[in-house]
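Bear in mind that the values in this text are calculations on the coordinates, not laboratory data. Bear in mind that the values here come from a model prediction, so they are computed numbers and not experimental data. Virtual Cβ from ideal backbone geometry, glycine too; neighbours counted across all protein chains shown.
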Amino acid sequence: KGVILTKNKDLYEGDVEQNYRHGFGVLAYELPEYKVFSLSYRGDWKNGRMEGFGVRIYNDGSFYIGHWKCNKRHGHGRMWYADKSFYDGDWVKDVRQGLGLLVRKDTNRYEGEWYCDMKNGKGRFFFLTTGVIQDGIWYNDYCVYSCFYNVPYRQTATKPTINPIPKVSKLL
């Protein structure tokens, strides 16, 4: 175990092996105007790099929980973006790639294949406000072939419906 203060005033506390962050540790960066440190990463390290499972908090308020390889998001992970959108799926070398779900701020969502951080391959886009599903083939974030399906509105509610549940005695 050890504590390391880097040249750019980042503070690491955790497992150290041969002067490298290695094992489990926490990295924080300095906020000089407040003379405090803010959490940047908490998780596994290998040879000085984020590797394994960890949580990363970005300066804009977005954060990622998932797997890392060579300081990059790699494997399965979840990302909450500053614009209130959310992604749950596969990552390769810091880009969305493989299968994933993107829920946008407006609650519309895409479920399907990703390549090079764009919708590519088979996927479905759910327009939850209108109750329409676009099912098709995507290329570089654009749908190039699709079918549209109408879904009954009750199945696409964006908020829970508040209905009182009757007492059991009234049902009998």
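Residues that are farther than 28 Å from Glu30 by Cβ: which strands (runs of 3 or more DSSP E) entirely in the range 44-160 hold 3 or more of them?
86-92, 95-103, 109-115, 118-127, 132-139, 142-150
Which ones in the range 66-75 are surrounded by 17 or more Cβ atoms within 10 Å (Cβ to Cβ) and either without any contact (Cβ under 8 Å) to a residue 24 or more places away in the chain or of a type outside the set (A, V, I, L, M, F, W, C) (or both)?
Within the range 66-75, Gly66, His67, Lys69, Arg73, His74 meet the criteria.
Which of the numbered conditions does Trp138 fail, given that it passes all the others? Conditions: (1) touching a residue at least 24 places away in the same chain (Cβ under 8 Å); (2) at positive phi.
Here Trp138 meets the rest and fails (2).
Can you find even one residue in the range 27-50 that is without any contact (Cβ under 8 Å) to a residue 40 or more places away in the chain, among the polar types (S, T, N, Q) and within 22 Å of His67 (Cβ to Cβ)?
Yes, because at least one residue in the range 27-50 is without any contact (Cβ under 8 Å) to a residue 40 or more places away in the chain, among the polar types (S, T, N, Q) and within 22 Å of His67 (Cβ to Cβ).
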